[in-house]
Amino acid sequence: MSGIIDDELRETFVAVADILIPAYGAMPAASTVDVGGAPLDRILTLRDDLLETFIRGLAAMAGKEPEGAARALNESDPGALATIGLVASAAYYMNPRVMQLIGYPGQERRPIDPDAPSEYLQDGLLQPVIDRGPIYRPTPEQST
Amino acid sequence: MVSVNKGSKVAEVLIVGAGPSGLVAAKHLTQSGFDVVCLEQGERVDHGSYWGDKPEFELMIQKRWHPNPNVRDLESDYPVNTSESDVPILMYNAVGGTSIVYGAHWQRFMPSDFRVQTLDGVADDWPFTYEDLAPYYDEMEAEIGVSGLGGDPALPAGKGPPLPALPIGRMGRKAAEGMNKLGWHWWPAPNSIASRSFEGRNPCALRGTCRNGCVEGAKATFDVTHLPAALKHGLRLVAGARVREILVNDQGLATGAVYIDRNGRERRQLARAVIVCCNGVGTPRLLLNSKSSLFPDGLANSSGLVGRNLMLHPYSTVVGHFDDWLESWLGPAGQPIQSMQFYETDTSRGFVRGAKWHVLPGGGPLGGPPAPGRPFDEAWGPAFHQNRDRIFGRSFEWGIMAEDLPEEANRVVLDPELADSDGIPAAKIIYDYSENTKRLSEFHLARAKEAMEAAGATSVTVRGLMTDRSEHNTGASLRATGHLMGTCKMGNDPRTSVVNQWGRSHDVPNLFVYDGSVFVTSAGFNPTGTICAVALRSVKHLIADRRNMKVAA
């Protein structure tokens, strides 16, 4: 596979992503929703400010047992582990299957009816606030 | 070599900065027949470039659309040294200014805000009252198309917002139920977000992306609300024009400005009067950079107060987590409801003044960037999923906007080393929380925690005042506020203020400041509504008084 990072670093990323985001209940592990594929390239293209730290962290973990390497990186270079985690999380949560599983439709449109009566006026939710009356201190004198 | 702007004649008025106050001034001046040039260091924003309708939204707001210029690091931004500040800053440099990324909480100050010395014995009174400003609040709300519900008992009776309130949603309702249990004030919040079609803007669709670019075209940004009318009436807008200094003549009158265009050329725009609208950091920076033999300490600075009394609205939050599914990524964001229950002074609490509270949505699943160094087993592995299940869709915050009292030690100065990409000395902020702010925040956090628990929160996360200055230039400060106010205070006494009640410099009679720099106190409210009302009051006075204004020949 080719792309914005080489195959070895990509494999390292996928292995570590599965440690950071494992399967859990109904939720899939990171690798099963292709976090190391096209989403990774898109994220690193859009956020090239992350690239240097991302690669630094992966290079430190390449060829090592993933969980131990990730835990060690969190101690030795916490910024790099956080960056790798951010990239993995972003790829994970942009996946349509994951979004569906957690009930997130994205920042979708939810058109409103501005003329619909407000529930808080109809059911009395706001009434106690109205009934208590003013809570401000008035101006003590008028300007001259 | 400095060249005069090609084809430029001497403008009647030069406005520096095309943010909210600058474009309010531009619209009203041009409509009254003034010949106006506006110089803006940023560019026009392509609203189609926002990410709110794309899956990458949460990723992009941590960098490109972050409200902190030090995080965005765009060419059009200038760096601000915040290494000696407790609070990071919020601004956006473009046509429309910070309204591009503001939260659109369109607030009025309360009557006591203008009389803090008389009522509470602190700081100074403003040179006018709430009642003096109320007609300008009314007019700005009509120009902007504010959505809200009239009759809030935290304010004197008045017209109320012109558009219906936005829905308060499940989050607002949940929060309101908690406040009712405690007998505390809450009210559907005012937002400068259209609830129905309004003068070319679309109605809000609750995407919740307000602070990082409204893709619906519902939020009021001043490149949309005020620029078109100004251009129609002849405004000459020069974008990408970074002003280096205000020019003065031998008589001590402002004669224009020197700016650098995007080709790196120095140019000069001459004018008979100059209005500075560069915000509470950019304005003192420009005045301090405008040194001359007549004004060796910077322009309009005989009081020594240019840059002093910086107020930033220290911010803290209590996040409540609920069993109920609240769809808490939905807008407005914006604010569904607000509370001024603890706004007014009660000295038995151990501090003066107070804070506005507002409900903010919890956002999407990605949230802010993970905190580096968080214990592995708290952040990753099964905890990754457990945290999301507890928080996502089920959380919102009570944000606490503390009134920040002016202190001369809190200030904007010129950085001796840092400069922008054109070599103009950058601003440095020196700012420490006051003891009053710390006590205020502690009290309000405790009350907001009670409010969350009364609303049925199963757990709460308390985020007190930001204390880690190392986070200022990272996306970690995504929610931190740094409203910019007070650095060219207005007042009647030239010894203790920079401009008079109409924004005119005490020292330079044809130099004006209309942005949040002129605030005498900060109040505990988001400032844009008051910045614009004060700017409108000032520019209307200038227009009415045009024949008496002393101008450069």
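No value in this document is a laboratory result; all are computed from the given coordinates. Note that the coordinates shown come from a computational prediction; the quantities given were computed from them, not determined experimentally. FYI the Cβ positions are ideal-geometry reconstructions off the backbone, even for glycines, and counts take in every protein chain you see.
Find out how many positive minus negative residues lie around residue B:60, taking Lys and Arg as positive, Asp and Glu as negative, among other residues whose Cβ is under 13 Å from that of residue B:60.
+2
Rounded if a/c is under 1.5, else prolate if a/b is larger than b/c, else oblate: which is segment B:334-488, with a ≥ b ≥ c the root eigenvalues of its Cα gyration tensor?
Details: a/c = 2.26, a/b = 1.20, b/c = 1.88.
Oblate, because a/c is 1.5 or more while a/b does not exceed b/c.
Straight-line reach from residue B:550: which lysines have a Cα under 20 Å away, not including same-chain ones fewer than 8 places off?
B:9, B:540
Rg over Rh of chain B, using C-alpha atoms and the Kirkwood radius, what does it come to? Provide the component values of the computation, followed by the final result.
Numbers: Rg = 22.4 Å, Rh = 23.5 Å.
Rg divided by Rh gives 0.96.
Could you work out the equivalent-ellipsoid semi-axes for the protein assembly as shown, taking the square root of 5 times each eigenvalue of the Cα gyration tensor, largest first, in whole Å?
So the three semi-axes of the protein assembly as shown are 41, 31, 23 Å.
Under a straight-distance cross-link criterion of Cα-Cα below 24 Å, which lysines are reachable from residue B:356, leaving out those fewer than 8 residues away in the same chain?
Hits, sequence-local ones excluded: B:159, B:174, B:181, B:219, B:438, B:449, B:489.
Give me the percent relative contact order of chain B, please, defined on Cα pairs under 8 angstrom at least 6 residues apart.
24
Answer rounded, prolate or oblate for segment B:134-196, using the Cα gyration tensor with square roots of eigenvalues a ≥ b ≥ c: rounded when a/c is under 1.5, else prolate when a/b is larger than b/c, else oblate.
oblate
Mind jotting down a quarter of the surface of the convex hull over the alpha carbons of segment A:7-102, in square nanometres, one decimal?
On the way: hull surface 23.0 nm².
Quarter of the Cα hull surface area: 5.7 nm².
Per-residue Cβ counts within 10 Å, from other chains only, averaged over B:239-250: what number is that?
Partner Cβ neighbours, averaged per residue: 0.
Using a simple spin-label model with points 7 Å from Cα along the Cα→Cβ vector, what separation in nm is obtained for residue B:389 and residue A:71?
So the label points at residue B:389 and residue A:71 sit 2.3 nm apart.
Say R0 is 25 Å: what FRET efficiency, to the nearest 0.05, do residue B:9 and residue B:548 get from their beta-carbon distance? Intermediate results must be reported in sequence, preceding the final value.
Numbers: r = 23 Å, r/R0 = 0.93.
So the FRET efficiency works out to roughly 0.60.
Mind checking which lysines have their C-alpha under 17 Å from residue B:63, skipping anything on the same chain fewer than 8 residues away?
Cross-link targets: B:54.
Using alpha-carbon positions, what is the distance between the centroids of segment B:364-392 and segment B:513-553, in Å?
Cα centroid to Cα centroid, the span is 46 Å.
Given the Cα-Cα distance of residue B:541 and residue B:44 and 0.36 nm per residue of separation, how much length would full extension add, in nm?
Values: separation 497, 0.36 × 497 = 178.92 nm, distance 2.92 nm.
Roughly 176.0 nm would be gained on extension.
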